[in-house]
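Only one structure is covered here, and it is reproduced in the block below.
The values are calculated or read from the model by the stated rules, or taken from the named source; none is laboratory data. No experiment lies behind these values; they were computed from the predicted model shown. Backbone-built Cβ (ideal geometry, glycine too); neighbour counts: all protein chains shown. Surface accessibility is based on the protein's heavy atoms, side chains included, excluding ligands, DNA and RNA. Shrake-Rupley method; radii C 1.70, N 1.55, O 1.52, S 1.80 Å.
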Amino acid sequence: MIHYLLDVGTYVALMAIVGLSLNLMWGMAGMINLGMIGFFASGAYIAALLTTKLHAGFLQGVLASGIAVALMAGFIGYITWRLRGDYLAVVTLGFSEFIRLIASNEIWLTNGTDGISNITAPFRSSLSPVAFSVAAFSVAGACLLVALLAFQRLCYSPFGRALRAIRDDEEVAWTAGKNSRAMKAKAFAIGGFCSAVAGALYAHFNSYIAPDSFLPLLSLYIVFAVTIGGRGNMLGAIVGTVLIVAFTEGTRFLVNYLTFLQPVQGAALREMTVALSFLLILIYLPRGIFPERMLSWRFAGKPMQ
């Protein structure tokens, strides 16, 4: 049970990093992105391929995946800067599916649906399974803390205030001299880098990845996490992720007690229970559990740079 809880905690920490990344793009810059799991998957596959086929080191694989996906995400943000709302959501969702289909069909590179196994991780062979889970949870938690502090700092930086200005009124921000195209590309690049690093850590800690691990439904869960946590609030993104995983994992045990249900019916009941729970939260807390707070008085009198 402890091993299971540690693994779930590690997964929560890594997905919370992806939630923070989405909060930067969507919560602060107003760009809805349904392809976050595509960045996560890209980081996982790049790190796995570098370490299993090219025998790169752990840190080399993680950093290389982050840089590669940041460049890719920045390019996507650069060419889609005019798209808004549903149009941007469709494009990013298509990117996520594009990555998953490549992983499924390019068998010579990714082993297709069989996935990539035996992905190395530091100290795995010298530690017991529980001790390795403790180490993985500690590393993931430390990365989440660093990401939270960095994103929180970005919120109150000139860059963060410019993103909020673009979100609230892009034409006014453009008139004020803010290059919204470059700003959006930077937001995508930063979010892509952090999501890819989280994906790379997931690949190394899990030692196995496959296309089915990166279904589009996970992108929707990340959007739900940011929504119920409080769009624009970094702490809310983390709380929302914890709730999402708690609901999805908790209902897994609940269904086991309903022995009269078929497996398919049990899965449908889980999804319905999770959806109803989120609907209730949004009915009573439409801005999320931790709504976005206005800028501190310390920054209110400073001109936007």
Scanning the range 104-153 residue by residue, those under 22 Å from residue 60 (Cα atoms) and among the basic types (Lys, Arg) turn out to be 124
Could you tell me whether residue 233 is at pLDDT below 90 and in contact with a Pro (Cβ under 7 Å, 6 or more places away or on another chain)?
yes
Can you give me the number of residues within the range 53-72 that are in a helix (DSSP H, G or I) and either within 21 Å of residue 21 (Cβ to Cβ) or out of contact with any helix residue (DSSP H, G or I) (no Cβ under 9 Å at 6 or more places or on another chain) (or both)?
13
From the options 196, 185, residue that is farther than 17 Å from residue 18 by Cβ, open to solvent by less than 40 Å² (accessible area, probe 1.4 Å) and touching a Phe, Trp or Tyr at 6+ places or on another chain (Cβ under 7 Å)
185
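State which residue is farthest from residue 151 (Cα to Cα) when the search covers only the range 1-34 and only residues that are without any contact (Cβ under 8 Å) to a residue 24 or more places away in the chain and of a type outside the set (Ser, Thr, Tyr).
Per the criteria, the residue is 1.
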Which of the following residues is open to solvent by less than 10 Å² (accessible area, probe 1.4 Å) and either more than 30 Å from residue 168 (Cα to Cα) or polar (S, T, N, Q) (or both): 29, 47?
47
Taking the range 199-246 on its own, how many of its residues are part of a helix (DSSP H, G or I), open to solvent by less than 10 Å² (accessible area, probe 1.4 Å) and within 25 Å of residue 107 (Cβ to Cβ)?
7
When residues of the range 129-173 are limited to those that are polar (S, T, N, Q) and farther than 16 Å from residue 197 by Cα, the one surrounded by the most Cβ atoms within 10 Å (Cβ to Cβ):
133
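Being over 17 Å from the mean Cα position of the chain (by Cα), on the phi < 0 side of the Ramachandran plot and in contact (Cβ under 8 Å) with a residue 24 or more places away in the chain: is that true of residue 92 here? Even if it seems obvious, please write down each step before you answer.
Working: over 17 Å from the mean Cα position of the chain (by Cα): no; on the phi < 0 side of the Ramachandran plot: yes; in contact (Cβ under 8 Å) with a residue 24 or more places away in the chain: yes.
It is false that residue 92 is over 17 Å from the mean Cα position of the chain (by Cα), on the phi < 0 side of the Ramachandran plot and in contact (Cβ under 8 Å) with a residue 24 or more places away in the chain.
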Only listed residue being part of a loop (DSSP other than H, G, I, E, B) and either at pLDDT 90 or above or among the aromatic types (Phe, Trp, Tyr) (or both), chosen from 123, 95, 75:
123
Answer from 100, 124 - the residue that is surrounded by 14 or more Cβ atoms within 10 Å (Cβ to Cβ) and either over 21 Å from the mean Cα position of the chain (by Cα) or more than 26 Å from residue 238 (Cα to Cα) (or both):
124
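So that you can scan it fast, the table gives a plain yes or no per residue for (1) out of contact with any His (no Cβ under 9 Å at 6 or more places or on another chain); (2) within 18 Å of residue 201 (Cβ to Cβ); (3) small (Gly, Ala, Ser):
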residue	(1), (2), (3)
12	yes, yes, no
51	no, yes, no
55	yes, no, no
58	no, yes, no
63	yes, yes, no
85	yes, no, yes
91	yes, no, no
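So, of the residues in the range 247-263 that are in a helix (DSSP H, G or I) and open to solvent by 50 Å² or more (accessible area, probe 1.4 Å), which turns out to be nearest to residue 153 (Cα to Cα)?
That would be 247.
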Given the structure, is residue 46 more than 25 Å from residue 233 (Cα to Cα) and assigned to a helix (DSSP H, G or I)?
yes
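If I go through the range 264-305 residue by residue, how many of them are modelled with pLDDT of 75 or more and outside any loop (DSSP other than H, G, I, E, B)? Break it down into steps so the answer makes sense when it comes.
Narrowing the range 264-305 to residues modelled with pLDDT of 75 or more: 264-292.
Filter again for outside any loop (DSSP other than H, G, I, E, B), leaving 264-284.
Within the range 264-305, residues that are modelled with pLDDT of 75 or more and outside any loop (DSSP other than H, G, I, E, B) number 21.
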Check off (1) surrounded by fewer than 24 Cβ atoms within 10 Å (Cβ to Cβ); (2) under 17 Å from residue 221 (Cα atoms) for residue 87 and give me the number that stays unchecked.
(2)
